[in-house]
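Undergrad: Below: one structure in structure tokens.
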Amino acid sequence: MGQQPVWMVIALVLDAVIAVTGILIGGSFNLTGLLAVGPLLACARCNGRMTALVAGWALALYAVVAVVTGTTRTTLEGYRFGTVAVAGALATFAATVRSRREGALITISERVQHAILRPLPAELGGMAFASHYQSATTQALVGGDLYDITMTQFGPRFIIGDVKGKGLDAVGRCAAVLAVFREVAFGEADLVDLAASMDARLAREMEIEDFVTVILAEFAPGEVRIVNCGHHPPVKLAAGAGGLQVMAPDGYSPPLGLHPRPARQDIELKPGDRLLFYTDGLVETRDRAGRFFDLDHQVAAALALPDLGAAVKRVVRLLLEHSGDGLTDDVALVLASSRDNVT
């Protein structure tokens, strides 16, 4: 249930409690004016329509209380009724204005975020791709995770990463990392040199404790070359195989911003093989019992689905079923496969 229905239910129940209390104590202490609290509470989070429903509920309860307590014909009761009616009308107006303004801001935010995190092409350089990004922040499309791909003279080059921190600060760091990648991806022939150039550029803009874990990948016929700077390694599903292989590098290299010295890793990629790149939000998500999400046979079966997009969506569904209460960290998934064996 979203926030708006929850707040609406709270406002309805609160007014119902006020009405019942007013009936129980009778005319000794009149509480009907407090029924204005419901609409005023609803307008803080609900849209205009929901707030209007709460306002109507408050007026209906007011009439019931007045009839039961026998105060319908008193002048003071008329003033109280007017107070509740005016409060309901003002609350509805305020909720409508707020909802429209929030909608406009969300639209602007979405456009900015789409400009930062561009959708990946379905096909590029003999490879096919499917991706999914889910921010843990409510009403945000982008958080602290990033990915991008660009076609260079060296072939398709890809980046996936996770910056330190969350919220707007993380979005700003993501934009900086992607801007540097898009600029220098064409200038370095070797991925190790590309990582060094990016580290040198980003180190000038980062604070002392800032860093970003990344994988840089370059797709070529029959293989993919990657350098891993402190990021979770991708997993490979070989064509016809039932299990996942973790493509861990030989040695650990620190993230960008901490002067990494990665070694290039060449991974064979036969037709039909698939590689899943992901951020830590996938494998560090816990269920209610505190267990991490495993890249097990269920994930392997999901990744083997003929359609890449359906495969990624199935993995996301498994993750959400595991978490139960929603995500606490951003999640980025990119599934790559040879174009010859995808739909």
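The values are calculated or read from the model by the stated rules, or taken from the named source; none is laboratory data. Note that the structure is a prediction, hence the values are computed from the model and not measured. Note: ideal-geometry Cβ built from the backbone for every residue, glycine included; neighbour counts use all protein chains shown. Keep in mind that these areas ignore ligands, DNA and RNA; they rest on the heavy atoms of the full protein, side chains included. Shrake-Rupley method; radii C 1.70, N 1.55, O 1.52, S 1.80 Å.
Undergrad: For residue 25 and residue 322, what does the FRET efficiency come to when R0 = 35 Å and r is the distance between their Cβ atoms, rounded to the nearest 0.05?
TA: So the FRET efficiency works out to roughly 0.10.
Undergrad: Okay, next question. For the chain, list the DSSP H helices whose alpha carbon atoms reach 15 Å or more along the long axis and whose average Kyte-Doolittle value is 1.0 or above?
TA: Helices passing the filter in the chain: 3-25, 48-69, 167-184.
Undergrad: Another question, if that's okay. For residue 261 and residue 294, what is the calculated FRET efficiency with R₀ set at 30 Å and r taken between the beta-carbons, to the nearest 0.05?
TA: Computed FRET efficiency for residue 261 and residue 294: 0.45.
Undergrad: Excluding same-chain residues fewer than 8 positions from residue 313, which aspartates and glutamates have a Cα within less than 15 Å of its Cα?
TA: Counting by Cα, and skipping residues close in sequence, residue 313 has these aspartates and glutamates nearby: 321.
Undergrad: Please compute the length gained on full extension between residue 67 and residue 270, using 0.36 nm multiplied by the number of residues separating them and subtracting their Cα-Cα distance.
TA: 65.1 nm
Undergrad: Moving on to the next point. If I take every Cα pair under 8 Å that is 6 or more residues apart in segment 241-325, average their sequence separation and divide by the length, what percent do I get for the relative contact order?
TA: Taking the mean separation of contacting Cα pairs over the length of segment 241-325, I get 28 percent.
Undergrad: Suppose all protein chains stay in the model; what accessible area per residue would a 1.4 Å probe give for segment 207-343, in Å²?
TA: Here the per-residue accessible area is 47 Å².
Undergrad: Roughly how many Å² of residue 236 are accessible to a 1.4 Å probe, to the nearest 10?
TA: Accessible area of residue 236: about 20 Å².
Undergrad: Here is a follow-up. Which residues does a label at residue 223 reach in segment 192-209, if reach means a backbone N under 15 Å from a point 7 Å past the Cα toward the Cβ?
TA: Correct set: 192.
Undergrad: Let me ask you something else. Return the Rg/Rh value of segment 223-343, two decimal places, where both radii are evaluated on C-alpha atoms and Rh is the Kirkwood radius.
TA: Using Cα coordinates only, the ratio equals 0.98.
Undergrad: Find how much the distance from residue 90 to residue 304 grows on full extension, using 0.36 nm per residue of separation minus their present alpha carbon separation; answer in nm with one decimal.
TA: Working it through step by step, the gained length comes to 71.5 nm.
Undergrad: Something else about it: Based on the alpha-carbon gyration tensor of segment 167-252 and its eigenvalue square roots a ≥ b ≥ c, which shape applies: rounded if a/c is under 1.5, prolate if not and a/b is larger than b/c, or oblate?
TA: Verdict is prolate for segment 167-252.
Undergrad: Sorted by accessible area with a 1.4 angstrom probe, largest first, how do 215, 23 fall?
TA: Highest to lowest solvent-accessible surface, that is 23, 215.
Undergrad: Quick check on the chain: what are the equivalent-ellipsoid semi-axes from the Cα gyration tensor, as sqrt(5λ), descending, whole Å?
TA: 56, 22, 17
Undergrad: While we're here: Taking a ≥ b ≥ c as the square roots of the Cα gyration tensor eigenvalues, with a/c under 1.5 meaning rounded and otherwise prolate when a/b beats b/c, else oblate, which class fits segment 133-289?
TA: It comes out oblate by the Cα gyration axes.
Undergrad: Here is a further query. Residue 317: accessible area at probe 1.4 Å, nearest 10 Å²?
TA: 110 Å²
Undergrad: Could you pull the accessible area for residue 259 with a 1.4 Å probe, rounded to 10 Å²?
TA: 130 Å²
Undergrad: Sticking with this one: For the chain, what does the relative contact order come out to in percent, with C-alpha contacts under 8 Å and a separation of six or more?
TA: Once divided by the residue count of the chain, the mean separation gives 15 percent.
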